[in-house]
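The values are calculated or read from the model by the stated rules, or taken from the named source; none is laboratory data. Everything quoted here is computed from the prediction, not taken from an experiment. Cβ: placed from backbone, ideal geometry, glycine included. Neighbour counts: every protein chain shown.
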Amino acid sequence: MTTSPYLNLLRNQIDITRVPFSDRGSRLLVLQASGQNQLLVKLAERLTNLQPDIEAYLRRPPLIRDLCLIDEKGEMLAFEIESYPHVLYLRTRLGDFSLTFQDTRTLSFGLPSQVTAGIKLHVSPQFCGETSTGGVFKSVRNVAYASNGKIIRNQISADQAGYNVEFVIQTDENDTITITIGDLPISHQEVLPFSTSCAAAEARWQDWFRRVPSVAETYRRTYAYAWWIMANNLIGPRGTLLYEAMTPSKMSYVGLWLWDSAMHTLAYRHVDPELARNQIRAMVACQLPDGMLPDSIYDEGIVSTIDHPISAEVTKPPIVAWTALKLHETDPDLNFLEEIYIPLVRWNAWWFSMNDDDVDGLAQYNHPYSSGLDNSPLWDYGMPVESPDLNTYLCVQMGSLAMMAEALGMNDEGAMWRRRAAAIVRRMISDFWDEEAGLFWALHDEQPIPVVTPFNLYPLWTGQLPQHIRDRIIAHLTNPTEFWGEYVIPTVARNDSHFDSQTMWRGPVWANINYFFIEALRQVGELELAQTLLEKTLNLIMQHDSIYEYYDAETGKPPATAADTFGWTAAVFIDLAIQASRQERVQHQGERNEK
């Protein structure tokens, strides 16, 4: 088999001291304990049947820790790692150990031939804790280990936290040790020769990268890594999750989030349109009876209400219809538009029926997290908030519904959506626009919220603003004391007292927001400015070895709190790199034609 250039590009790019070695569809995460010759295995699962707290997974200890490679005496072997998407090579004094995925729930360790060696580990298959009335013991996951080699030593001892295992075999060619982790009883554990599992894993990744569109050399290293993230972060169907879909981060965000899933389709549409459609289907399948789409879904349930910092229903910004149309442009499918049209109509109706207390035709956020901008200073002054970003999303959504309706032969309905989209623009100008400030203010209790953010500029994206308003907004956007500069676009204006370049939505740069403004600038004919923003976005992401949730707007570096291997940043990079590369090819072709 010819090795994909992308696999070679990713040699040692996956640093498992920071990001997990996993595989498409798997919930098993392998990491190296910091500064130690030990591995650990975590689960990309919330397991709310163990702990009802939906964020408990962030604090849960590894299922397997202290996983060491050992010699015949049980002494730990030091190792150096060479990593690829499909395999880890663990170089030791006895020779090369290897690690790959036999399947989504089974880790396969290859061992050097003609040695006596094995693994040692600690496993905690049970959760225990005190309750208000006593205590509880619950099963976390079933764990089994096995080998196709000659077993020399197999010792299990218990301690307060679980079990210690020492497993040593006399190796021959292709001998393997497997560890299987599952939620069902493991009655039989098949042990495939390591070479078989490794070849299958390589073939899976080869097939994935074979579909990837080519891009300019400038982007290829980060582009390859972004595509690895797009596969590595996928989890298979289970429980509430009915389709294979992508978590924003298997470490930091376990489950699917509504607007993240929409953004992920931007990349998937280029390699697997059906996988892209399934990102939308997975969320629409969990639509509530009143039309609301939940904030997030995970194996055991959905998140549709949150009790902090206030208690209210929680969803995410309505960008699904917009994304579905982008997918339709790449791979037209009228049946899919018909499938999702009514659910999206119902979701649009929910925004106005349940989130417009003063019945003025402008929707409001009742919970900060529904904005996706969880800790933005826009919410510091209280809820609910009528915000220009939400109503811009709704305008774009209704424009997208218009195009869906027309594609499905419902021209009168399409015209209705266009009228409604135009009406919401007029209403935003009437209620939000401040001629003196040149901004659209968010409102709480009918009063402007004194925070300047790019979300005060969002109505540019509607493409329906009068020229003088459009010019004022672009002047703010390109003002280096506010939003422009080397690293753009900060999520709070640089000269605003609330600006904090390190803290999530209070100042850092987010790739998805840049993407929306690239769309907006193109829509109003500001093509050079859109191109500059595109290039700045790609260059910012390419500065780093990994791909992060957000970036410091002053230094361009990811803050310590930014999630690593983050989904929509990878998706945005992919889509923009493809766009940029196509533009370069057109330009070069034009230059050749001139000659």
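Assorted remarks:
- Scanning segment 427-473 for residues that are of a type in the set (Gly, Ala, Ser) and exposed (fewer than 15 other Cβ atoms within 10 Å of the Cβ), we see that the one that is nearest to Asn348 (Cα to Cα) is Ser430.
- Selection status of Ser108, modelled with pLDDT of 95 or more, surrounded by 14 or more Cβ atoms within 10 Å (Cβ to Cβ), touching a strand residue (DSSP E or B) at 6+ places or on another chain (Cβ under 7 Å) and among the small types (Gly, Ala, Ser): yes
- Residue among Thr315, Thr330 that is within 22 Å of the chain's Cα centre (by Cα), surrounded by fewer than 16 Cβ atoms within 10 Å (Cβ to Cβ) and not small (Gly, Ala, Ser): Thr330
- Of everything in segment 206-241 that is under 16 Å from the mean Cα position of the chain (by Cα) and part of a loop (DSSP other than H, G, I, E, B), the residue that is nearest to Gly567 (Cα to Cα) is Asn233.
- The number of residues in segment 122-136 that are assigned to a strand (DSSP E or B) and under 24 Å from Val41 (Cβ atoms) comes to 7.
- All positions within segment 254-283 that are touching a residue at least 60 places away in the same chain (Cβ under 8 Å) and over 15 Å from the mean Cα position of the chain (by Cα): Arg269, His270, Val271, Asp272, Pro273
- Boolean, Thr481 is under 23 Å from Ser214 (Cα atoms) and free of Cβ contacts under 8 Å to residues at least 24 places away in the same chain: no
- Checking the stated criteria, Asp295 turns out to be touching a residue at least 12 places away in the same chain (Cβ under 8 Å) and buried (at least 20 other Cβ atoms within 10 Å of the Cβ).
- Among the candidates Arg211, Arg204, residue that is touching an Asp or Glu at 6+ places or on another chain (Cβ under 8 Å), surrounded by fewer than 15 Cβ atoms within 10 Å (Cβ to Cβ) and under 30 Å from Ile578 (Cα atoms): Arg211
- Filter result for the condition that a residue is within 26 Å of Gly438 (Cβ to Cβ), among the acidic types (Asp, Glu) and in contact with a Pro (Cβ under 9 Å, 6 or more places away or on another chain), over Asp333, Asp374, Asp389, Asp357: Asp389
- Of the residues making up segment 475-523, those that are part of a loop (DSSP other than H, G, I, E, B) and not acidic (Asp, Glu) number 24.
- One residue stands out among those in segment 316-375 that are among the polar types (S, T, N, Q) and touching a strand residue (DSSP E or B) at 6+ places or on another chain (Cβ under 8 Å): the one that is nearest to Trp510 (Cα to Cα), which is Ser371.
- Strands (runs of 3 or more DSSP E) enclosed by segment 143-182 - at least 2 residues per element that are among the hydroxyl-bearing types (Ser, Thr, Tyr): 176-182
- Any hit, segment 408-426, residues being surrounded by fewer than 23 Cβ atoms within 10 Å (Cβ to Cβ) and touching an Asp or Glu at 6+ places or on another chain (Cβ under 7 Å): yes
- Taken as a whole, the structure places Thr532 among residues that are more than 24 Å from the chain's Cα centre (by Cα) and polar (S, T, N, Q).
- Among residues of segment 554-574 that are at positive phi and in the same structural domain as Trp510 (by TED's automatic domain parsing), those with a beta-carbon under 8 Å from a residue that is of a type outside the set (Ser, Thr, Tyr) and assigned to a helix (DSSP H, G or I) at least six positions away or on a different chain give the pairs Gly556/Leu540; Thr565/Ile229; Thr565/Asn232.
- Residue tally, condition within 27 Å of Gly25 (Cβ to Cβ) and part of a strand (DSSP E or B), over segment 67-97: 10
- So Asn164, is it over 21 Å from His188 (Cα atoms), surrounded by fewer than 17 Cβ atoms within 10 Å (Cβ to Cβ) and in the same structural domain as Ser83 (by TED's automatic domain parsing): yes
- Residue count for segment 11-48, restricted to those that are within 19 Å of Lys250 (Cα to Cα) and in a loop (DSSP other than H, G, I, E, B): 20
- Selection over segment 285-299 of residues that are out of contact with any strand residue (DSSP E or B) (no Cβ under 9 Å at 6 or more places or on another chain) and either farther than 24 Å from Val396 by Cβ or assigned to a strand (DSSP E or B) (or both) gives a count of 1.
Conditions tested, residue by residue: (1) part of a helix (DSSP H, G or I); (2) over 24 Å from Asp471 (Cβ atoms).
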site	(1), (2)
Asp374	no, yes
Tyr381	no, yes
Gly414	yes, yes
Val425	yes, no
Ala437	no, no
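- Check on Met251, at pLDDT below 95 and either in a helix (DSSP H, G or I) or crowded, with 16+ Cβ neighbours inside 10 Å (or both): yes
- Near pairs, Cβ below 6 angstrom, 6+ apart or cross-chain, from segment 115-134 (within 18 Å of Gly149 (Cα to Cα)) to any residue that is not aliphatic (A, V, I, L, M): Val115/Thr171; Thr116/Glu72; Thr116/Gln170; Ala117/Asp71; Gly118/Phe167; Ile119/Phe167; Lys120/Cys68; Lys120/Glu166
- Looking across segment 155-194, the residues that are hydrophobic (A, V, I, L, M, F, W, C), under 17 Å from Cys68 (Cβ atoms) and either touching a Gly at 6+ places or on another chain (Cβ under 7 Å) or modelled with pLDDT of 95 or more (or both) come down to Ile156, Val165, Phe167, Val168, Ile169, Ile177, Ile179.
- Among residues of segment 318-327 being part of a helix (DSSP H, G or I) and not polar (S, T, N, Q), the one that is surrounded by the most Cβ atoms within 10 Å (Cβ to Cβ) is Ala324.
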